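Right, one structure below, let's go through it.
The values are calculated or read from the model by the stated rules, or taken from the named source; none is laboratory data. Since this is a predicted model, take the numbers as computed values, not measurements. Surface areas here come from the heavy atoms of the whole protein model, side chains and all, with no ligands, DNA or RNA. Shrake-Rupley method; radii C 1.70, N 1.55, O 1.52, S 1.80 Å.
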2 protein chains.
Amino acid sequence: MTAATSVPADPHSPADQHSPAANPRRRVGRPAAAVLDQGGITAAALQLIGKSGYDGFTMAALASTLNVAPSALYNHVSSKRDVLVLVQDHLTSFVDVAAFETEPWEQAVRDWAWSYRDVFSKHTPLIPVIAVLPVTDAPKTLAMYEAVSAGFSRAGFPQERIIPAIVAFESFIFGSAYDVTAPADIFDSGTMAASTPHFTSAVQRLAEDSHEKPADVAFSLGLEALLAGLGALRAA
Amino acid sequence: MTAATSVPADPHSPADQHSPAANPRRRVGRPAAAVLDQGGITAAALQLIGKSGYDGFTMAALASTLNVAPSALYNHVSSKRDVLVLVQDHLTSFVDVAAFETEPWEQAVRDWAWSYRDVFSKHTPLIPVIAVLPVTDAPKTLAMYEAVSAGFSRAGFPQERIIPAIVAFESFIFGSAYDVTAPADIFDSGTMAASTPHFTSAVQRLAEDSHEKPADVAFSLGLEALLAGLGALRAA
DNA sequence: TCATCTAAATGAACGGCATTCATTTAGTGG
DNA sequence: CCACTAAATGAATGCCGTTCATTTAGATGA
């Protein structure tokens, strides 16, 4: 009995973690067998979220996935929010920043923004966490910022505008991630249609003319506007 | 029974009433005399949130504010989420759309966007609710969309671009509302500073050069870019 | 070898939460 | 005056995250 095989192992997970540890007693003895660790918890959490969504994501369910008692998790993580932070940081490594090395600024930002939105539109409950999380707590997220900052710097942005510009893009991306999850009929004005003629006709016109997904149309529109407007800040 | 769908009966209320004041209260069981209604619940909820924040906002606390048992609320509201929807819709009436009647498009959007962000930056837990809420369920929100759509239409926007453009602005506004609540040291890279030179220097440069609040700098930058880019969609 | 140290796992709590339901209450309309 | 019904009650339900005293079992050092 006793787990043994139950640990996800997670073969391709580099143990790049620096054990933060919630407990005092830092004197290192390195005794026990390690049935659980942050990497395994993160992987299991991600899998559980994928299967059951954020409603089904409870500490009890997560523990059960790992064949462990719920309280055991608290030896490796100090709260549920901690787990969400781990998941968030892991997901951020799926955001594509590669183009900053190979493409001109505009195309690089475009690639980055679309992939960023796509990743987190499936994880909107994390957005309130990310938006307020100190970068120190999320190394992979910090790495993303470094790659993006470097790209902006190389593209000729004045230093003091780099962070505000990135934040502006990010704000737009987070808001747009929510938009992806909105129901198709969100703008159906129903019985109030008569009293909202301008809005109702605009909604109808969009539905008639457009074949793409409304969230993609809006995202593309806003992103291109930001690219043009913020791109103009670059030094000549 | 069980009215799974929406709010119950509401026999003789003109729907748009905002009864502000609390009601006469008695101590013991008081059934039929209309102690509670949606307007009163909304007002009490708003006040409670102002005093205790969203953490302290529980159905029990709300009921206690109204001198009523928690279960009594469910005669007027079908879930906590329903209360949040009522609050959200009420807050939306504080968003300023007046400028669409008096100012040129660009200035009107500016006023609208800043006030929209300011209102909801104090209520970020509502953002996941709004972003996904059918407009039918929120009459005042619908009214806001009508005013904004009319302004865009009058300004010469092609019909099929009006909704995407508004959604793009809104996405940016919601994301920026979160940004307002971020801690001041969110970008402090701490011990990792050495490995993130571009990012770290950009953060430092911003802190040195800017006297304004970082969230306002980013919002202004992004908003002006959107105004320029999307404004160009207008017919000549 | 064995006593000891300690990280990690356990299971039984705990308090808080939204929500349900049978019951009671008191106005209203017939 | 009575029957009906909207509205309030409070006890109960089930789920949740989290805590804690206790146990388990590798590793360490004698």
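Residues of segment A:211-226 that bury at least 10 Å² of accessible area once all protein chains are present, compared with their chain alone (1.4 Å probe, heavy atoms only, ligands and nucleic acids left out), are A:VAL217, A:ALA218, A:LEU221, A:GLY222, A:ALA225, A:LEU226. Ranking of B:SER210, A:SER171 by solvent-accessible surface, largest first: B:SER210, A:SER171 (1.4 Å probe, protein heavy atoms only, all chains present). When both segment B:146-161 and segment A:59-104 are represented by their alpha-carbon centers, they are found 43 Å apart.
Residues in segment B:112-121 carry Karplus couplings, in order, of 4, 5, 5, 6, 4, 4, 5, 5, 8, 5 Hz; the curve used is 6.51 cos²θ - 1.76 cosθ + 1.60 with θ = phi - 60°, and Gly or Pro positions show x. 3J(HN,Hα) along segment B:82-93: 4, 4, 4, 5, 4, 5, 4, 5, 5, 4, 4, 6 Hz, from the Karplus curve 6.51 cos²θ - 1.76 cosθ + 1.60 with θ = phi - 60°, whole Hz, x for Gly and Pro.
Leaving ligands and nucleic acids out of the surface, order B:THR200, B:THR102, A:THR191 by accessible area at 1.4 Å, largest first.
Values: B:THR200 30, B:THR102 105, A:THR191 130 Å².
Highest to lowest solvent-accessible surface, that is A:THR191, B:THR102, B:THR200.
With the whole protein complex present, B:GLU101 retains an accessible surface near 140 Å², based on a 1.4 Å probe.
Computed from phi, the 3J(HN,Hα) profile of segment A:37-42 under the Karplus parametrisation 6.51, -1.76, 1.60 (θ = phi - 60°) reads 8, 4, x, x, 5, 4 Hz, with x in place of Gly and Pro.
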